[in-house]
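First up is the structure itself, then whatever we jot down about it.
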Amino acid sequence: MDRPSWAPDEIDITRPSVARVYDYYLGGSHNFEADREFAAQVLEVLPEMATVAQANRAFLRRVVRHLCAQGITQFLDLGSGIPTAGNVHEIATAENPEARVLYVDNDPIAVVHSRALLDGDPRTEVLDADLTDPGTVLDHPLTRGHLDLGRPVAVLLVSVLHFVPDEADPAGVVRAYAGATVPGSHVVITHASDEGGHSGAARAQNVYNRDRSPNRMRMRSTTEVRELFGDLELLDPGVVRIPMWRPEYPVGPEAQRYPGLAGVARH
Ligand SMILES: C[S@@+](CC[C@H](N)C(=O)[O-])C[C@H]1O[C@@H](n2cnc3c(N)ncnc32)[C@H](O)[C@@H]1O
């Protein structure tokens, strides 16, 4: 298999990666045959997966605009992915040129591409780290240098916590980030869910939990996603299907079966 010049030598391009599979769902070009083969298995059982990924990105745009309107100027985007159009820094700086964004991901391609895209932009930084280790992320000199944790921050966990198993204590991870931020800060979560007997979503989860999967997946219910927020105060309308979180346009009845949940909390 040919290795393009933009792929770092240390990555195994014969194994799929969550970041590259997601890039493929979104129509991006930073993916390999192994990623496309894996995505094809998911699309076979959940044909609307590309639309699901797009709705997740549309939510990201809505929520970043909402947060900017609340006066938030700092964003900690955990599991930020491979940059595609409409990334957090683009949305945020369009609303407020002073906005600062720290992207965090542990996928080498996501990190390399984020760095390449953002090179020379003093308002955005990229940290190669595992988000399930909040101490390392929060104490890292890049974080301390780029974000002022004495002022409100939006902590974004968008489409990533379903890759954090129960053993890694996702609620504890959220608590650690929230606990390091001051009142007025926000936590944003979107999460895959097969709630309501969504057989396509349940089968997609099985694909992620097979051998040669890039990451195991743990879908969660509304109650479980609410629990991830702990004591934080959920904004209206609470934890809902992603298209139903403050939609800009009327949503159809199919939104009720959308295989993903969203919630935003403030403290
Ligand atoms: C489905 S993508 C979501 C990307 C982006 N947040 C979005 O919603 O468009 C999940 C991303 O989380 C990253 N990721 C998964 N587990 C992670 C971890 N433990 N630490 C840091 N990043 C992680 C993956 O590499 C991938 O880029």
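The values are calculated or read from the model by the stated rules, or taken from the named source; none is laboratory data. The structure displayed is predicted, hence computed values, not measured ones. As a convention, Cβ positions derive from the backbone with ideal geometry for all residues, glycine included, and neighbour counts pool all protein chains shown.
A few comments on the model shown:
- Of all the numbered requirements in (1) within 25 Å of L149 (Cα to Cα); (2) surrounded by 19 or more Cβ atoms within 10 Å (Cβ to Cβ); (3) within 12 Å of the ligand (Cβ to nearest atom), R61 misses one, and that requirement is (2).
- Residue in the range 65-75 that is hydroxyl-bearing (S, T, Y) and without any contact (Cβ under 8 Å) to a residue 12 or more places away in the chain present: no
- Test: residue in the range 28-39 that is surrounded by 16 or more Cβ atoms within 10 Å (Cβ to Cβ) and under 30 Å from L138 (Cβ atoms): yes
Yes/no matrix, rows are residues, columns are (1) at pLDDT 95 or above; (2) closer than 23 Å to A69 by Cα; (3) in contact with a Lys or Arg (Cβ under 8 Å, 6 or more places away or on another chain); (4) not acidic (D, E):
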residue: F229; (1), (2), (3), (4): yes, yes, no, yes
residue: E233; (1), (2), (3), (4): yes, yes, yes, no
residue: G238; (1), (2), (3), (4): yes, yes, yes, yes
residue: R241; (1), (2), (3), (4): yes, yes, yes, yes
residue: M244; (1), (2), (3), (4): yes, yes, no, yes
residue: E254; (1), (2), (3), (4): no, no, no, no
residue: R257; (1), (2), (3), (4): no, no, yes, yes
residue: G263; (1), (2), (3), (4): yes, yes, yes, yes
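- Of the numbered criteria (1) of a type in the set (V, I, T); (2) buried (at least 23 other Cβ atoms within 10 Å of the Cβ); (3) assigned to a loop (DSSP other than H, G, I, E, B), the one I72 fails is (2).
- Filter result for A202 (of a type in the set (G, A, S) and within 16 Å of the ligand (Cβ to nearest atom)): no
- Residue count for the range 24-58, restricted to those that are in contact with a strand residue (DSSP E or B) (Cβ under 8 Å, 6 or more places away or on another chain) and away from the ligand (no atom under 14 Å from the Cβ): 0
- Pairs meeting the criteria (first residue in the range 11-28 and more than 16 Å from A85 (Cα to Cα), second residue outside any loop (DSSP other than H, G, I, E, B) and not hydrophobic (A, V, I, L, M, F, W, C), beta carbons under 7 Å, at least 6 apart or on different chains) are I11/P108; P16/D35; S17/D35; V21/D35.
Yes or no, residue by residue, for (1) touching a Gly at 6+ places or on another chain (Cβ under 7 Å); (2) part of a loop (DSSP other than H, G, I, E, B); (3) under 17 Å from E44 (Cα atoms):
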site: H191; (1), (2), (3): yes, no, no
site: D194; (1), (2), (3): no, yes, yes
site: G200; (1), (2), (3): no, no, yes
site: R210; (1), (2), (3): no, yes, yes
site: S213; (1), (2), (3): no, yes, yes
site: R218; (1), (2), (3): no, yes, no
site: D236; (1), (2), (3): no, yes, no
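- Restricted to the range 123-189, the set of helices (runs of 4 or more DSSP H) holding at least 1 residues that are near the ligand (Cβ under 10 Å from one of its atoms) comprises 134-139, 170-179.
- Residue in the range 80-95 that is on the phi > 0 side of the Ramachandran plot, assigned to a loop (DSSP other than H, G, I, E, B), surrounded by fewer than 20 Cβ atoms within 10 Å (Cβ to Cβ) and under 19 Å from the mean Cα position of the chain (by Cα) present: yes
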